[in-house]
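Scroll down for the structure; my scribbles are underneath it.
The values are calculated or read from the model by the stated rules, or taken from the named source; none is laboratory data. What you see is a predicted model; the values in this text were computed from it and never measured. Heads up, the Cβs are rebuilt from the backbone with ideal geometry, glycines too, and the neighbour counts pull from every protein chain shown. Side chains included, ligands, DNA and RNA excluded: accessible areas come from the protein's heavy atoms. Shrake-Rupley method; radii C 1.70, N 1.55, O 1.52, S 1.80 Å.
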Amino acid sequence: MEWISINNYLPAHNEYTLCWDGKDIYILKFRQTTDKRHKKRNGRWDVGGEKYFFDDITHWSPLPKPPSEK
């Protein structure tokens with residue numbers, strides 16, 4: 001797994017990712033937005049709703065694929 005800097009590129013709209021804020025790892029959804037509060041990142045990271053935002057995310061990584069049922 002490799003971490004991707006948010007300065008390099010951002011995930012797709014509504015994609016859940018692993019996120020790093022320099023201290024902790026989270027599973028968050030990225031949402032592209034034109035909301036001025038999130039303008040510096042061209043989007044926002046949240047837990048899938050409108051209530052909790054994470055503004056200090058520095059890196060992200062796609063979620064791993066789930067296990068296959070064999």
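List of remarks:
- Point-to-point label distance, S68-S5, nm (Cα→Cβ direction, 7 Å offset): 3.6
- Accessible area, probe 1.4 Å, largest first, for residues S5, S61: S5, S61
- Taking all protein chains as they are arranged and a probe of 1.4 Å, the heavy atoms of T17 leave approximately 0 Å² accessible to solvent.
- With a simple spin-label model that places each label point 7 Å from the Cα along the Cα-to-Cβ direction, the separation between S61 and A12 comes to 2.1 nm.
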